[in-house]
Amino acid sequence: MNLWIIAIIIFTCTCGVLFHIATIRKAKKPFFVVLSVTLVLNIIVSYDCLGQKSIHTLVANGTSNESTATASRPSSSSIRESGVVIMPTIVPNTEKDAFNFVDPYIDEAIALIDADRRLLSNVTFVYEKKLLYDNLSQEEKVMYDEMLNNAQCLNPYSYTVAKYGYEGMDMALVVYGALKNDHPEIENYFILRDVTEGKITTALETIYIMPCDAENNSADLVSLHEEILRFEAVCNRIIVRMPQEYSTYDKYRYLASVISLITSYAYEVKWGWQVGTAYGAIIGGHSICQGYSRGFLYLCQKANLWCETVDGIAGGNAAHMWNIVKLDSGTYFLDITWSDEIGLPCSIGWNKYFMLTQDEILVDHVITDGKVATGTAIN
């Protein structure tokens, strides 16, 4: 307890004693009135100070009667402090909303696989992180680390001609491309866009958008933070509920099935560029091949299953992306985009593009990044 509070208590007690003595001795009225007022005021002040102290103590211990959810959700105007974004640590109902959204898809995926279990590959190969970061120069890595930190904290930042020159801005674009490739979760909401004066680009600035906003408007940062947490909660739920007794083949099939059930191919441009992100495939409901592939890659990362994306050409010389995975019998291609177009997960049609050998994929796909499937036919 603070010394000044102790002093007030002692003074109040002293006044009480004097009040008692004055009452017994029938002190003169002016003295009696002054003493009475002083005693009452000190009691009020002491009670208020002790009450405030108790409230602060309760808040510090997390036991205040005030809603911790309310306290942890600052308004947009109060989210920044000294130029740094202060994120709420608790988002009410985020986990519950995530479970309500994804559990029906998980239930259906498990039911489909349980009806046709494949006991293929008891060996699980762990995810191998291959970052474009590793190919950058030291100067680019410094910028990458800075950009990554800003993106994760939702800090505003810009690269201006005045400070970095055009070479520095070109480097920022290279780093931005590497960052998006290495972190599928960040490309969901982070854009680096041009700032122009007339027809001249004078800067590149960060903009944070809601993953589902096709118009790419700057997001309310509290709302964006909640959506980022919801996305992570959905992804984690998919991994946690994956039956661990499944073979490695069925674990891949489970993740691909959940994505296939959630999303459908985006034929219309109204869904925006987010159809090419992991968010589009795992929550958004509309994806192109890149979204399917990036979403599957991100889930495999979380599940610690070996996986990479594959660049190529398919469907009338159109740029295309799919995945390659690993079993104990070798590596195999899977194209969830094309599987999803044919039928329900685990159906004969859907399986046509699941776990394909090199010869099987080359029937209607062209590989442009040199990836090779080493496995033998298993379907």
From the option list 275, 269, single residue qualifying as surrounded by fewer than 19 Cβ atoms within 10 Å (Cβ to Cβ), without any contact (Cβ under 8 Å) to a residue 40 or more places away in the chain and among the hydrophobic types (A, V, I, L, M, F, W, C) is 269
Test: residue in region 219-241 that is closer than 22 Å to residue 110 by Cα, assigned by TED's automatic domain parsing to the domain that holds residue 99, in contact with a strand residue (DSSP E or B) (Cβ under 8 Å, 6 or more places away or on another chain) and surrounded by fewer than 19 Cβ atoms within 10 Å (Cβ to Cβ): no
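Would you confirm, using the coordinates I've provided, whether residue 156 is assigned by TED's automatic domain parsing to the domain that holds residue 277, in contact with an Asp or Glu (Cβ under 8 Å, 6 or more places away or on another chain), more than 30 Å from residue 300 (Cβ to Cβ) and not polar (S, T, N, Q)?
Values: assigned by TED's automatic domain parsing to the domain that holds residue 277: yes; in contact with an Asp or Glu (Cβ under 8 Å, 6 or more places away or on another chain): yes; more than 30 Å from residue 300 (Cβ to Cβ): yes; not polar (S, T, N, Q): yes.
Considered against the rule, which asks whether it is assigned by TED's automatic domain parsing to the domain that holds residue 277, in contact with an Asp or Glu (Cβ under 8 Å, 6 or more places away or on another chain), more than 30 Å from residue 300 (Cβ to Cβ) and not polar (S, T, N, Q), residue 156 comes out as yes.
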Region 112-146, residues that are within 23 Å of the chain's Cα centre (by Cα) and within 22 Å of residue 304 (Cβ to Cβ): 126, 127, 128, 129, 130, 131, 132, 133
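Given 348, 336, 367, 342, which one is under 25 Å from residue 280 (Cα atoms), at pLDDT below 95 and either surrounded by 15 or more Cβ atoms within 10 Å (Cβ to Cβ) or in the same structural domain as residue 117 (by TED's automatic domain parsing) (or both)?
Values: 348 fails: under 25 Å from residue 280 (Cα atoms); 336 fails: at pLDDT below 95; 367 fails: at pLDDT below 95.
Answer to the check: 342.
Which one of these is exposed (fewer than 12 other Cβ atoms within 10 Å of the Cβ), modelled with pLDDT of 95 or more, closer than 29 Å to residue 190 by Cα and not aromatic (Phe, Trp, Tyr): 139, 128? Write out each step before concluding.
Numbers: 128 fails: modelled with pLDDT of 95 or more.
Only one candidate passes the filter, namely 139.
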With criteria (1) within 17 Å of the chain's Cα centre (by Cα); (2) surrounded by 14 or more Cβ atoms within 10 Å (Cβ to Cβ), residue 149 comes up short on (2)
Here's a check for you: in region 179-192, which residue that is surrounded by fewer than 21 Cβ atoms within 10 Å (Cβ to Cβ) and hydrophobic (A, V, I, L, M, F, W, C) is farthest from the chain's Cα centre (by Cα)? 191
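For residue 188, are the conditions met, namely being part of a loop (DSSP other than H, G, I, E, B), touching a residue at least 40 places away in the same chain (Cβ under 8 Å), over 29 Å from residue 269 (Cβ atoms) and of a type in the set (S, T, N, Q)? Give the steps one after another, and end with the answer.
Working: part of a loop (DSSP other than H, G, I, E, B): yes; touching a residue at least 40 places away in the same chain (Cβ under 8 Å): yes; over 29 Å from residue 269 (Cβ atoms): no; of a type in the set (S, T, N, Q): yes.
Judged against the criteria, residue 188 is not a match.
Of the residues 374, 337, 331, which single one is part of a helix (DSSP H, G or I) and on the phi < 0 side of the Ramachandran plot? Working first, answer last.
Values: 374 fails: part of a helix (DSSP H, G or I); 331 fails: part of a helix (DSSP H, G or I).
One residue alone meets the criteria, 337.
Within region 279-300, how many residues turn out to be assigned to a helix (DSSP H, G or I) and closer than 16 Å to residue 334 by Cβ?
Taking region 279-300 and keeping what is assigned to a helix (DSSP H, G or I), we get 279-284, 289-300.
With closer than 16 Å to residue 334 by Cβ added as a condition, the list becomes 281, 289-300.
Within region 279-300, residues that are assigned to a helix (DSSP H, G or I) and closer than 16 Å to residue 334 by Cβ number 13.
Report yes if some residue within region 112-120 is surrounded by 11 or more Cβ atoms within 10 Å (Cβ to Cβ), under 28 Å from residue 251 (Cβ atoms), of a type in the set (Gly, Ala, Ser) and at pLDDT 85 or above; otherwise report no. Don't jump to the end; show me each part of the working.
The first filter runs over region 112-120 and keeps only residues surrounded by 11 or more Cβ atoms within 10 Å (Cβ to Cβ), leaving 112-114, 116-118, 120.
Checking which are under 28 Å from residue 251 (Cβ atoms) leaves us with 112-114, 116-118, 120.
Within this subset, residues satisfying the condition of being of a type in the set (Gly, Ala, Ser) are none.
Among the residues of region 112-120, not one is surrounded by 11 or more Cβ atoms within 10 Å (Cβ to Cβ), under 28 Å from residue 251 (Cβ atoms), of a type in the set (Gly, Ala, Ser) and at pLDDT 85 or above, which makes the answer no.
The values are calculated or read from the model by the stated rules, or taken from the named source; none is laboratory data. These numbers come from a predicted model, not from an experiment. Methodologically, a virtual Cβ is constructed for each residue, glycine included, from the backbone with ideal geometry; neighbour enumeration extends over all protein chains shown.
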